[in-house]
Structure formats: structure tokens, C-alpha cells
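Read through the structure below, which is laid out as C-alpha cells, and then see the notes.
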């Protein structure tokens with residue numbers, strides 16, 4: 001299935017964004033670890049969160065987390081602390097995504113985890129037990145989800161956890177997010193030096209009633225729509241000015257591309273400012289999930305760019321660097337990459353396909369980042385559009401709400 005989008009002449013409306021997937025999935029693990037009395041409120045309705053809820057409530061011996069990378073990492077750590085045995089598996093792509101760094105760390109803490117098929121990759125057989133380890137050292141450039149998974153179980157360990165991160169520490173906002181949420185649930189966790197986090201063996205508070213903020217990652221696609229449209233004003237509800245989410249920095253970067261942000265009691269109002277830069281250089285080490293949004297937006301605005309800090313993109317739902325290069329070429333833009341961590345565009349163009357069909361590679365962010373390209377390329381098609389359900393199930397209906405026409409094709 002493919003979607004063809006017809007854009008309206010102007011964009012105006014109010015959008016209730018989905019709840020943050022990052023916060024929802026952390027809040028669910030923390031609620032489970034606290035044996036909480038009140039379930040977190042305003043949880044995300046996305047696939048990843050549904051998978052997490054199912055795993056935590058049904059407690060089946062075999063847990064299939066499908067394509068949910070966050071669930072794979074967080075549940076692997078969580079299940080290691082339970083006095084039960086589980087097998088955790090996922091889609092074919094998930095079974096190709098490495099998890100050895102996390103497994104090795106958990107084993108150092110005393111976890112009993114074995115690989116069911118291929119060494120270093122899911123499925124995993126986890127025999128939960130009391131973990132007695134206390135100190136760990138990890139490279140700081142590993143996925144922040146590994147780090148967050150370990151931190152969240154820290155208060156349940158007999159001696160707590162002292163985690164040292166060596167070298168370049170990437171995705172600090174996601175680590176800060178995890179630590180802040182842990183504190184909201186009653187944990188005592190903090191940086192005790194530039195590279196070391198200490199988590200005290202203090203039980204979580206079981207009486208927390210947590211409310212989840214809307215998703216700044218989802219908001220980025222509306223910023224993109226405003227940037228690419230000729231006239232637009234969109235109210236995005238549920239966003240906080242003092243957000244825990246690292247992707248809230250996307251609003252500041254979007255200012256450089258001609259989108260103004262005004263906070264109000266319900267969220268933010270975004271409008272076109274037409275005050276944009278001629279060239280954008282940005283480090284995405286803290287906001288890797290926004291890379292696709294900004295690559296597509298800058299190119300379509302004819303703004304050359306150089307984006308660094310993209311090393312985690314290769315181990316996401318797909319190799320996002322390779323996917324961006326391939327799909328941008330279909331609409332006439334020649335991107336270049338360096339060292340598996342940099343993408344740049346100097347204005348080089350090629351002949352676009354007459355009817356470009358954007359492959360989404362089972363990656364929700366590919367579909368959402370390329371959908372607004374229909375402003376400049378009305379013949380563009382988005383293949384397998386259902387992938388947006390991973391994080392933003394109402395994305396297409398929200399587009400229709402502000403005037404987009406969506407035609408389904410085989």
C-alpha cells in the first residue's frame with residue numbers, strides 16, 4: 001500500500017499530539033519496579049508502548065516485542081531482576097539489532113542471560129534472579145537505551161549501582177530524562193562526577209500517579225510542515241516549556257529554518273517567520289531522532305547542511321543514514337556521508353524520479369519525515385504508511401484534520 005498526499009493551500013488547526021513514547025516506556029518500567037498502585041496516565045497509544053504494556057501485564061513466558069527497540073532494551077534489564085524465566089524475541093530486523101553490550105553489563109551484575117540463536121543478538125533467554133553486582137563501566141558512545149535500562153534497575157540492586165561512562169558520552173538528554181523520571185518515582189540517582197552516575201539502593205515510591213507529556217519528536221513533523229508550507233499556523237497541545245525531553249531542542253533549531261514558537265497554557269503555537277539561515281551546521285548527538293526531519297526539511301528549503309553526531313542512526317529501526325541517502329536521491333538530492341556519523345549536502349542535485357516511491361524500511365520516522373515533501377513533490381508516494389503506528393498512530397488522520405487529502409494506492 002502507498003499514500004499519495006495532496007497538500008492544502010494553507011495550514012491552520014489544533015493538534016493533540018501523542019504522548020511521549022520515551023517517557024511512557026520509562027514510566028511503565030518504573031511503575032512496574034515500584035509495584036505502583038496507580039497506573040501512569042496519558043500513556044502513548046503507539047505500538048512500542050502497547051508492546052510494553054502487554055509484556056508487563058500478561059507476563060507470558062515468551063515475550064514478542066515486535067520491532068520495539070526500547071522495549072527490548074528496557075525489558076531485558078527488568079526481566080533480569082524478576083525470579084522468573086522468560087524468552088524475549090522480536091521481528092527479523094530486531095533479531096539483527098545488537099544487544100551484546102547490555103547483556104554483558106547485566107551479566108557483570110550477576111544476570112543469567114543466554115542467546116537462543118545468534119551470539120550477541122535476540123532472542124534471549126533470561127532467568128531472573130537477585131543481582132548482587134554494583135559497579136559497571138561502559139563506553140559513553142553506546143545507545144542511551146542501554147544506559148537507561150541499567151540505571152532504572154539500579155535502585156532494586158542489593159548495593160545500588162555505580163555506572164562509569166568512558167570516552168565521549170552521547171545522548172546525554174536521554175540519560176537526564178531517565179534520571180529525572182527515576183527521581184520522580186522516588187529514586188536517589190545523580191551524577192557524582194563528569195563521567196559517573198550513582199544510584200542508591202532505595203526502593204521506588206509505589207504511590208506515584210504519573211502524567212505523561214506529549215511527544216516533542218512527533219511535534220517535529222509539524223514544525224517541518226510549517227517550514228515547508230507557504231502559510232501556516234498550528235497549535236500543538238500537551239507540550240511543556242520546561243520539558244524533560246531532549247527533542248524539545250528541535251524548536252530552537254527550527255527557528256533557524258523559519259518557524260517561530262510561542263508557548264501558551266495548552267502547549268505551543270508555531271507559525272512561519274520566514275527568517276531562515278542560508279546554511280545549517282548542527283550536532284545531532286543529543287537529538288538523533290530528529291535527523292530525518294531536518295535532512296528532508298533543509299534540502300527542500302534549499303539550505304545546504306552538515307549534520308554530525310549521527311553514529312546511532314545505523315542501529316535504529318533501519319540504517320537511517322543509508323535510507324536517507326537512497327530516498328533523497330529519488331527526489332533529486334545527492335547526500336554524502338562520512339565516518340558513519342556525518343551527513344552533508346552542498347546543493348548537489350540529480351534528476352528526480354517522475355513518481356518517487358519512498359520506501360520506509362519498517363521505520364516510522366522515514367514515513368513521517370518524507371510526507372511533507374509532498375509540498376514540493378506532489379507525485380511522491382509513501383510506501384507502507386502504516387509504520388507510523390510505532391510512535392504516532394494518528395499521524396495521517398491529523399494531517400487530514402488540517403486539510404491534507406490522502407489517496408490510498410496499491
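The values are calculated or read from the model by the stated rules, or taken from the named source; none is laboratory data. Values in this document were obtained by computation on a predicted structure and should not be read as measured data. Positions of Cβ are backbone-derived with ideal geometry, glycine not excepted, and every protein chain shown enters the neighbour counts.
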Handout entry: Neighbours by Cβ (under 8 Å, 6+ apart or cross-chain): first from the range 271-300, on the phi > 0 side of the Ramachandran plot; second at pLDDT 95 or above and buried (at least 18 other Cβ atoms within 10 Å of the Cβ)
Key = 274/258
Practice task
Can you confirm whether the range 39-61 contains a residue that is more than 25 Å from residue 206 (Cβ to Cβ) and either in a helix (DSSP H, G or I) or in contact with a helix residue (DSSP H, G or I) (Cβ under 8 Å, 6 or more places away or on another chain) (or both)?
Solution key: yes
Practice task
Of all residues in the range 1-29, count the ones that are part of a helix (DSSP H, G or I), in contact with a helix residue (DSSP H, G or I) (Cβ under 6 Å, 6 or more places away or on another chain) and at pLDDT 95 or above.
Solution key: 5
Practice task
Can you confirm whether the range 110-124 contains a residue that is surrounded by fewer than 17 Cβ atoms within 10 Å (Cβ to Cβ), in contact with a helix residue (DSSP H, G or I) (Cβ under 7 Å, 6 or more places away or on another chain) and assigned to a helix (DSSP H, G or I)?
Solution key: no
Completion exercise
The residue that is surrounded by the most Cβ atoms within 10 Å (Cβ to Cβ), considering only those in the range 356-370 that are in a helix (DSSP H, G or I) and touching a strand residue (DSSP E or B) at 6+ places or on another chain (Cβ under 6 Å), is 370
Fill in the blank from the handout: Among helices (runs of 4 or more DSSP H) entirely inside the range 138-235, those with 1 or more residues being free of Cβ contacts under 8 Å to residues at least 60 places away in the same chain are 144-153, 172-184
Exercise for the section: Out of 122, 98, 201, report the one residue that is farther than 26 Å from residue 243 by Cβ and more than 25 Å from the chain's Cα centre (by Cα). Expected result: 201
Exercise for the section: Within the range 371-393, track down each residue that is in contact with a strand residue (DSSP E or B) (Cβ under 8 Å, 6 or more places away or on another chain) and under 20 Å from residue 235 (Cα atoms). Expected result: 371
